[in-house]
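Beneath this line is the structure, given in structure tokens, with notes to follow.
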Amino acid sequence: MASIAVKTAAGKAAGSVDLADEIFGVQPNVPVMHQVVTAQLAHRRSGTQSTKTRGEVSGGGKKPFSQKGTGNARQGSTRAPHYSGGGVALGPKPRKYSVKVNKKVVKLALASALSDRFNEGKVVVVDDWGFSKTKEAAAALKALGIDGTALVVVARDEDSAALSFRNIPQVQLVLKDELNAYDVLCNQYVVFSKQTLPAPAETGAAS
């Protein structure tokens, strides 16, 4: 079982903590991460685009001209797709883009993403935040050696820390139970407090 150093918000040593091998010690599975990220992005699509078919466009009830005698091709309605203002043929209609992904696959993708960040030395564990100002939060990131984008995982009762971090452009906040592979992969660092550090029983990460 691997361990990681715990630091204070000031960047000083505060002991160490063991990391679950099922979460931070798996071999990163790139195809699984790709599958889960693709599914998550598809799920975010609204799918509300819509066009009107010839049956939904108003007007066009009268035959535009006589069936015979004009020399033109016969027409039944000006709402046909080839008329200006007519309906759209085979246009988009509201639909769901969601793709079903098994829970075990989702958990494996998260474990793969966290393991990848841990192998790169980009996982940071803080003993306790203990501040309530954005200026202090920015100073804490600098003291911890975080010089890129960071995903800060907070608990629901860590309101002061969440309010302090939310105005820092390079920081993304996520609740502990909302942690996912896509957000981990979108940020260079993942920052936990001892309270939010995931355990095997909580995530059920697949090996």
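Things worth noting here:
- LEU175-SER132 pseudo-label distance in nm [points 7 Å out on the Cα-to-Cβ vector]: 2.2
- Region 148-193 versus region 1-74: alpha-carbon centroid distance in Å: 21
- The mean accessible area for residues of region 72-127, using a 1.4 Å probe and ignoring ligands and nucleic acids, is 61 Å² per residue.
- At most 14 other Cβ within 10 Å, DSSP loop - trypsin sites (Lys or Arg not before Pro), region 28-67: ARG45, LYS52, LYS62
- Residues whose placed amide H lies under 5 Å from that of VAL6, excluding near-sequence neighbours: ALA14, GLY15, SER16, VAL17
- Residue-by-residue Karplus 3J(HN,Hα) for region 40-52, coefficients 6.51, -1.76, 1.60, Hz, glycine and proline x: 5, 5, 5, 5, 6, 5, 6, x, 9, 5, 7, 10, 8
- Heavy-atom accessible surface of the chain: percent carbon and sulfur, 1.4 Å: 51
- Three-way shape call for region 1-96 based on the alpha-carbon gyration tensor, with the a/c threshold at 1.5: prolate
- Summary value for region 94-179: 26 percent relative contact order, contacts being C-alpha pairs under 8 angstrom separated by 6+ residues.
- Look at the Cα gyration tensor of region 1-53: its axes a ≥ b ≥ c give a/c of at least 1.5 with a/b at or below b/c, and that counts as oblate.
- Backbone geometry of region 114-125 corresponds, through the Karplus equation with coefficients 6.51, -1.76 and 1.60 at θ = phi - 60°, to 3J(HN,Hα) couplings of 5, 5, 5, 5, 5, 5, 8, x, 10, 9, 10, 10 Hz, x marking Gly and Pro.
- Restriction of the trypsin sites (Lys or Arg not before Pro) in region 85-171 to DSSP coil positions whose beta-carbon has at most 11 other beta-carbons within 10 angstrom yields ARG95, LYS96, LYS100, LYS133, ARG156.
- Computed from backbone phi with θ = phi - 60° and the Karplus coefficients 6.51, -1.76 and 1.60, the 3J(HN,Hα) list for region 15-23 is x, 8, 9, 7, 10, 6, 5, 5, 10 Hz; x is used for glycine and proline.
- FRET efficiency, ALA2 to TYR97 (Cβ-Cβ, R0 35 Å, nearest 0.05): 0.40
- For the chain, diffusion coefficient by Stokes-Einstein and Kirkwood Rh (Cα), 37 °C, 0.692 mPa s, µm²/s: 159
- Where Cα atoms sit under 28 Å apart: lysine pairs in region 57-149 separated by 8 or more or lying on different chains: 11
- Region 67-169: GluC sites (Glu not before Pro) falling in loop per DSSP and having at most 10 other Cβ within 10 Å: GLU120
- Close amide-amide hydrogen proximity is noted between VAL88 and LYS52, THR53, ARG54, each under 5 Å apart and 5 or more residues distant or on a separate chain (H modeled in the peptide plane; Pro and chain starts excluded).
- Neighbourhood charge, 10 Å Cβ-Cβ cut-off, centred on ARG74 and excluding it, Lys, Arg +1 and Asp, Glu -1: +2
The values are calculated or read from the model by the stated rules, or taken from the named source; none is laboratory data. Quick caveat: nothing in here was measured; it's all calculated off a predicted structure. Heads up, the Cβs are rebuilt from the backbone with ideal geometry, glycines too, and the neighbour counts pull from every protein chain shown. The accessibility values were calculated without ligands, DNA or RNA, using every heavy atom of the protein model including side chains. Shrake-Rupley method; radii C 1.70, N 1.55, O 1.52, S 1.80 Å.
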